[in-house]
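These notes are about the structure you will find just below.
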Amino acid sequence: MTTQISLPTDSSIQEGQTAKEQTGRPARLQYARYTLFLLLLVLAVGSGCSDSNADEAAQFFLRGNLQLQKREYREAIRYYTEALDKKPDFADAYNNRGLAKYRNGDREGALADYNRAIDTDPDFGATYLNRAEVRLETGDAAGSLADLQRIEREYKDSSFYQVRLADSYVRLNKPAPAQAAYDRAVQLDPKNAEALTNRGALLYSQKAYEQAESDIRQALLLNPKQDAALNNLSLLLARAENYTDALTYVDRALLVQPNQPYYLNNKAYLLLMLNRSEEALPLVQESLRLDPDNAWAHRTAGIYYLNRQEGVKALASFRQAERLDASVDDLYYYLGRAEQASGNRQAACEAWQRGESAGDLRAGAERRKQCI
């Protein structure tokens, strides 16, 4: 089974050639991230702030909170900025302005505000949690883990905290502590759909498919619109070569997140499995437009061209996938097929040899069949 984690998050899979040649491997495993909520502090400035500037800062702060709750993020940012003009050491305002920026898609601005909040109040636990979230999303898993460990004593009994801790360990390729943290998150809150989704994704990556499916289906009972769980269930169904049902689940994921590039690529893969190649092409093209560095989507494109016997285009796609991420599942099997289709038998055998050395079983089988 092929797995590609996007996180936090992160946290997919992809495959190809003709439908008869598929081994039921779907397209991309996903960790739940999109329905997360950071802490929203609604604290007043405090009894120690009695001058007129502090009183005005408190009023602007509360107005910002109201706009934030209404999802009027730009207005919230404006009010928090007014509060900070009146009281530059207002850590709560930095934290909440960071949250407004985060929800408005400004990750760098959010990170800057969280840093200012912590500089102002080094013991501001909620901001460490918020900063850990942004760091994880921007690829700084080690920084995220450091922030979470900084507040462990305060938050260790929070299911949300344990999920984020586990996500950081996943990104750092530390499955054992990740598993322990997900287990603790579910123990603390058995109805935490995100915890179940992400634990299911981790179990899936460890090939514990029955346990993974149990977690993912439970997550969907709790939240039928959990898009990562919908996507991951589609992968489990595809693994059983139940491509038609798998397609219905990835379609449901796309209803929640229409422009999620992994889901678009997964759907393209499933359509290839169902011999609906022409429907697959625009989806994988859109996936690549949204995320040009997704090696898995380049592999899907290569599979499409290989099916159409367009060896030059297939080779270009597979080689780009190799440049981006040589660990993509079965990549060397398909690269070898494309080399073979282009008349390069020696290059095909070399590709299969590289794949066999990297643990690609299909590449190894093809090398022994074609090259020995």
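For segment 134-183, which positions are touching a Ser or Thr at 6+ places or on another chain (Cβ under 7 Å) and small (Gly, Ala, Ser)?
141, 144, 168
Scan segment 180-193 for residues that are assigned to a helix (DSSP H, G or I) and either in contact with a Gly (Cβ under 7 Å, 6 or more places away or on another chain) or surrounded by fewer than 18 Cβ atoms within 10 Å (Cβ to Cβ) (or both) and jot them down.
If the condition is that a residue be assigned to a helix (DSSP H, G or I) and either in contact with a Gly (Cβ under 7 Å, 6 or more places away or on another chain) or surrounded by fewer than 18 Cβ atoms within 10 Å (Cβ to Cβ) (or both), then 180, 183, 187, 188 are the ones that fit.
For residue 201, state whether it is under 24 Å from residue 227 (Cβ atoms) and in a helix (DSSP H, G or I). Show your work before the answer.
Numbers: under 24 Å from residue 227 (Cβ atoms): yes; in a helix (DSSP H, G or I): yes.
Answer is yes for this residue.
Between 131, 78, 97, which is at pLDDT 95 or above and either under 16 Å from residue 162 (Cα atoms) or not in a helix (DSSP H, G or I) (or both)? Break it down stepwise before answering.
Values: 78 fails: either under 16 Å from residue 162 (Cα atoms) or not in a helix (DSSP H, G or I) (or both); 97 fails: either under 16 Å from residue 162 (Cα atoms) or not in a helix (DSSP H, G or I) (or both).
After applying the criteria, what remains is 131.
Output the number of residues of segment 213-262 satisfying the condition of being surrounded by fewer than 22 Cβ atoms within 10 Å (Cβ to Cβ), in a loop (DSSP other than H, G, I, E, B) and within 17 Å of the chain's Cα centre (by Cα).
Adding up the residues that qualify gives 4.
Counting only residues that are under 19 Å from residue 129 (Cβ atoms) and touching a Phe, Trp or Tyr at 6+ places or on another chain (Cβ under 9 Å), which one in segment 170-179 is surrounded by the most Cβ atoms within 10 Å (Cβ to Cβ)? Spell out how you get there, then give the answer.
As a first pass, look at segment 170-179 and keep what is under 19 Å from residue 129 (Cβ atoms): 170-172, 177-178.
With touching a Phe, Trp or Tyr at 6+ places or on another chain (Cβ under 9 Å) added as a condition, the list becomes 170, 177-178.
Values: 170: 28, 177: 15, 178: 22.
Filtering segment 170-179 for residues that are under 19 Å from residue 129 (Cβ atoms) and touching a Phe, Trp or Tyr at 6+ places or on another chain (Cβ under 9 Å), the one surrounded by the most Cβ atoms within 10 Å (Cβ to Cβ) comes out as 170.
The values are calculated or read from the model by the stated rules, or taken from the named source; none is laboratory data. All figures in this text were calculated on a predicted structure; none of them were measured in a lab. Because the Cβ atoms are built from the backbone with ideal geometry, glycine has one as well, and the counts that use them run over all protein chains shown.
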